[in-house]
1. At q = 0.23 Å⁻¹, work out log10 I(q)/I(0) for the stretch 13-52 with the Debye formula, treating every Cα as an identical point scatterer and leaving solvent out; two decimals please.
2. Just want the answer: with Cβ charges of +1 for Lys and Arg and -1 for Asp and Glu, which residue in Leu104, Gly65, Gln44 is farthest toward the dipole's positive end in the stretch 32-107?
3. Considering only the chain, what is the antiparallel percent among its DSSP beta bridges, to the nearest 5?
4. Give the share of C-alpha pairs in each 5 angstrom bin for the chain, from 0 to the last occupied bin, in whole percents, shortest bins first.
5. For the stretch 86-104 and the stretch 17-64, what is the separation of their Cα centres, given in Å?
6. What does the accessible area per residue of the chain come to in Å², with a 1.4 Å probe and no ligands, DNA or RNA counted?
7. Mind checking the dipole of the chain: about its Cα centre, +1 per Lys or Arg Cβ, -1 per Asp or Glu Cβ, Debye to the nearest 20?
8. HN-Hα J couplings of the stretch 100-106 from phi, Karplus 6.51/-1.76/1.60, θ = phi - 60°, integer Hz, Gly and Pro as x?
Amino acid sequence: TNWTTVQWLDSVQNFGKVTDGEKVMITFHFKNTGTKPLIIAGAQASCGCTVPSKPEEPIAPGAEGEIKAEFNSSGRVGKATKNITVTCNTRENSHILMFEGDVLPKK
């Protein structure tokens, strides 16, 4: 099998406070702790306001990589909690990354 293992260095993040309409870039870091290349097959967000991007190249054993997510706070005043589901070649197949913060109304 081509299983490897991944360590998430920060699977939960808080972006603090932003004003309605601001775009926030969140970066999740991970490390391939296994012996096979880590292939990130997909990164799917829980809603259309979040656009994730993932490495296209396999991550070598021992190397680190990142999943980025752009959150568009427009029209989302209040507490924001968003998930990104990452699928990769690890035994548990999918991993949930989460970020949260507060979207304040425009002055």
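1. Relative scattering, expressed as log10 I(q)/I(0), comes to -0.97.
2. Farthest towards the positive end: Leu104.
3. Beta bridges within the chain, antiparallel portion: roughly 80 percent.
4. Cα pair-distance distribution for the chain, in percent: 2, 13, 24, 22, 14, 11, 8, 4, 2, 1, 0, 0.
5. 8 Å
6. 55 Å²
7. Its charge dipole is roughly 260 debye.
8. Karplus-based 3J(HN,Hα) across the stretch 100-106 equals 8, x, 10, 9, 9, x, 4 Hz.
The values are calculated or read from the model by the stated rules, or taken from the named source; none is laboratory data. The model shown is predicted, which means the values in this text are computed figures rather than measured ones. Counting neighbours? That spans all protein chains shown, and the Cβs are built from the backbone with ideal geometry, glycine included. For accessibility, only protein heavy atoms count, side chains too; no ligands or nucleic acids. Shrake-Rupley method; radii C 1.70, N 1.55, O 1.52, S 1.80 Å.
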